[in-house]
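Structure first, then comments.
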Amino acid sequence: MTAKEYLKQIQNLHTKIENKRERLERIDCILTSPAVGEIKQDKVQTSIKLDKQERLIVDKADLEEELQRLMYEEAALIIKIGKQIDGMEKTAYSRLLHLRYEEFMSLQTVADIMGYEYNTIRNMHGRALQLFEKKYLL
C-alpha cells in the first residue's frame, strides 16, 4: 500500500459513512410517509404491508449498527493516522498532509491556506508522501 492509499483510508471511510447516513434519512422518510402507515381493509394486503414495513425496520436497524461500527473505525483511524502525520519532522509536511488527508482539501486549497504556489505544494506533497511512506509504511 502506498502512502497516498494509506492516508486516503480516512476519506474512504468518511464517504461510506456519509452514504449510509443519506440512506438512513431516505429510509426514515419512507417509514414516516403516510402511505407506509396506511392499513388497507384487505387482510392479505395488510399482512404483506406489515411484513414489508417490519423488514424495512429491521434493515434500518442493521444499517444503523453498520454506521456506528464505521464511525468508530473512522475515529480510530483518525487518531492513528493523525499521530503519524503529527510525527513528521517537517511541520510544513505535517500541515500539508493534515489538510489534504484529514480535512479532505484539494492541493489548490492547501496551497492557498499555506501561502504557497500550487506547483510548490504539489512538489512538497510528493516529498511528504515519500517521507511518510519511508517512516511509517516500510
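A few points about this structure:
- Close pairs from region 82-102: first free of Cβ contacts under 8 Å to residues at least 60 places away in the same chain and farther than 17 Å from Q130 by Cβ, partner part of a loop (DSSP other than H, G, I, E, B) and of a type in the set (D, E), Cβ under 9 Å, at least 6 apart: none
- Of all residues in region 85-101, those being surrounded by fewer than 17 Cβ atoms within 10 Å (Cβ to Cβ) and of a type outside the set (G, A, S) number 4.
- Residue within region 106-115 that is surrounded by fewer than 17 Cβ atoms within 10 Å (Cβ to Cβ) and assigned to a loop (DSSP other than H, G, I, E, B) present: yes
- Residue within region 54-63 that is modelled with pLDDT under 95, surrounded by 14 or more Cβ atoms within 10 Å (Cβ to Cβ) and either of a type in the set (A, V, I, L, M) or not in a helix (DSSP H, G or I) (or both) present: yes
- Residue in region 70-82 that is over 19 Å from H14 (Cα atoms), touching a helix residue (DSSP H, G or I) at 6+ places or on another chain (Cβ under 8 Å), of a type in the set (V, I, T) and assigned to a helix (DSSP H, G or I) present: no
- Within region 80-109, the set of residues being under 21 Å from the mean Cα position of the chain (by Cα) and aliphatic (A, V, I, L, M) comprises I81, I85, L96, L97, L99, M105, L107.
- Among residues of region 57-70 that are closer than 10 Å to R21 by Cα, those with a Cβ under 9 angstrom from a residue that is surrounded by 12 or more Cβ atoms within 10 Å (Cβ to Cβ) and of a type in the set (A, V, I, L, M, F, W, C), sequence gap 6+ or separate chain, pair up as L63/L24; L63/I27; E64/L24; L67/I17; L67/L24.
The values are calculated or read from the model by the stated rules, or taken from the named source; none is laboratory data. Since the structure is predicted, the reported quantities are computational estimates derived from the model, not experimental observations. In this analysis, Cβ positions are derived from the backbone assuming ideal geometry, glycine residues included, and neighbour counts consider all displayed protein chains.
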